[in-house]
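Just below is one structure, and these are the notes that go with it.
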Amino acid sequence: MPLLHCSIPLPPHFRPQDILAFHRRDGERLAEQVDGDGLRKGLSWRGAPACLALRFAGGEARLELALDGDGDGGDARLLEQTGRRMLGLAQPVEAFERRYRDHPQLGRLIAARPGMRVPQTATPFEALAWAITGQQISVQAAVSIRRRLLQLCGRRHSSGLLCHPDAAALAALDADQLGLAGFSRAKSRALLALSQGAAAGELPLDDWLADMPAADILARLLAVPGIGPWTVSYALLRGYGWLDGSLHGDVAVRRALQMVLATPDKVSAPDAQRWLEGFAPWRALVAAHLWALLQAGGF
């Protein structure tokens, strides 16, 4: 069982609680287990089941990856890159906070959670699969469907943790199988189109992490049947750390914005879009602060 290790220094005001809350969404703890100052997560690593252990201690994030089998897991640099991405360390939150800490509405949200970053998924594919799963349903419903999907795929690490399937594993399923997990026909078609495109190399999601402009990724993903603007903006945020997607169509964002603006009327998607436009290029980070206001764990 190959092992990889690395330690990542954390910036001042880093908030481990946000990372832990994101991975605590599923109370059944089948694929992610959060305990005290860290977590364990099952994932596919270069095609093999793996368990990622993450601990926060002494101003560092300490990562260990245990890989089943005798395959090549790469070196510690790859693990560090994954860890830094999952922790959101490339996100320029300091510049964002300097710019808006005195804003009449947003300043209060920043003061309540200084240093807040958006936790990211282990891979862009995981972010996209989660975004498709969560289209137009509650977080709780999405968690339940995701759990059944992981059980359907049945990829398990020797630690007992279920692993999020990679594109090849999902591409091997069909719409009837996804329907048993709770996916609608429309969501099944979208997830299969995404998985098949990624598995065939037509959508090289991991390669895009290097230097693909967000606008180009957006255009490529919008061409996938069943993937719309909300799904892409969410996936770009969680999978690529792009902080300028406009999540004005998100129900939770609009509900929190109604609280921030102290208006008795529900905020419409066009009104939310206009309000968020003033915060470019950080619109998705503003949406994350609005999610946090509702203490929903961040969709």
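Throughout, read-outs are computed from the coordinates displayed, never taken from laboratory work. Here the structure is a predicted model, which is why all the values come from computation and not from measurement. Cβ coordinates were reconstructed from backbone atoms using ideal geometry, including for glycine residues, and neighbour counts include every protein chain displayed.
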| field | Taking all pairs of distinct alpha-carbon atoms in the stretch 23-73, Kirkwood radius in angstrom | value | 11.8
| request: Would you be so kind as to identify which of P16, G59, A48 lies farthest towards the positive end of the dipole of the stretch 1-154, taking Lys and Arg as +1 and Asp and Glu as -1 on Cβ and the Cα centre as origin? | output: P16
| message | I'm a student and want to see the number: the projected area of the Cα convex hull of the stretch 61-160, averaged over all directions, in nm². | response | 9.3
| query | So if R0 is 30 Å, what FRET efficiency would A168 and D35 give, r being the distance between their Cβ atoms, rounded to the nearest 0.05? | reply | 0.45
| task | Calculate, in whole percent, how much of the Cα-Cα pair population of the stretch 183-249 lies beyond 13 Å. | result | 64
| remark: Ranking G201, A142, C163 by how far each Cα lies towards the positive end of the charge dipole of the stretch 110-210 (+1 on Lys and Arg Cβ, -1 on Asp and Glu Cβ), the top one is A142
| query | Is the stretch 145-198 best put as rounded, prolate or oblate by its Cα gyration tensor, with a ≥ b ≥ c the root eigenvalues, rounded for a/c under 1.5, and otherwise prolate when a/b is larger than b/c, oblate when not? | reply | oblate
| note | Honestly the stretch 241-299 on the Cα gyration tensor test (a ≥ b ≥ c root eigenvalues; a/c under 1.5 rounded, otherwise a/b vs b/c for prolate or oblate) is just oblate
| message | Quick check: pseudo-label points 7 Å beyond the Cα along Cα→Cβ at Q151 and Q81, how many nm apart are they? | response | 3.6
| field | Rounded to the nearest 20 debye, dipole of the stretch 180-299 from Cβ charges on Lys, Arg, Asp, Glu | value | 520
| Cβ-placed point charges (K, R +1; D, E -1), dipole of the stretch 123-234 about Cα centre in debye, nearest 20 | 560
| task | Please name whichever of H103, C6, L247 sits farthest to the positive end of the charge dipole of the chain, dipole taken about the Cα centre and charges placed at Cβ: Lys and Arg +1, Asp and Glu -1. | result | H103
| Nitroxide proxy distance, nm - points 7 Å out along Cα→Cβ at D211 and E64 | 3.7
| field | Two-site label geometry, A223 and A280: point separation in nm, points 7 Å out along Cα→Cβ | value | 2.3
| said: Can you compute the helix-only [θ] at 222 nm over the chain? Use -39500 (n - 2.57) per DSSP H run of at least 4 residues, normalise by all residues, nearest 500 deg cm²/dmol. | reply: -13500 deg cm²/dmol
| task | Just check the stretch 131-175 against the gyration tensor rule for me: Cα atoms, a ≥ b ≥ c as the square roots of the eigenvalues, rounded for a/c under 1.5, and otherwise prolate or oblate depending on whether a/b exceeds b/c. | result | oblate
| task | Could you size up the charge dipole of the stretch 60-188 around its Cα centre, putting +1 on the beta carbon of Lys and Arg and -1 on that of Asp and Glu, and report it in debye to the nearest 20? | result | 700
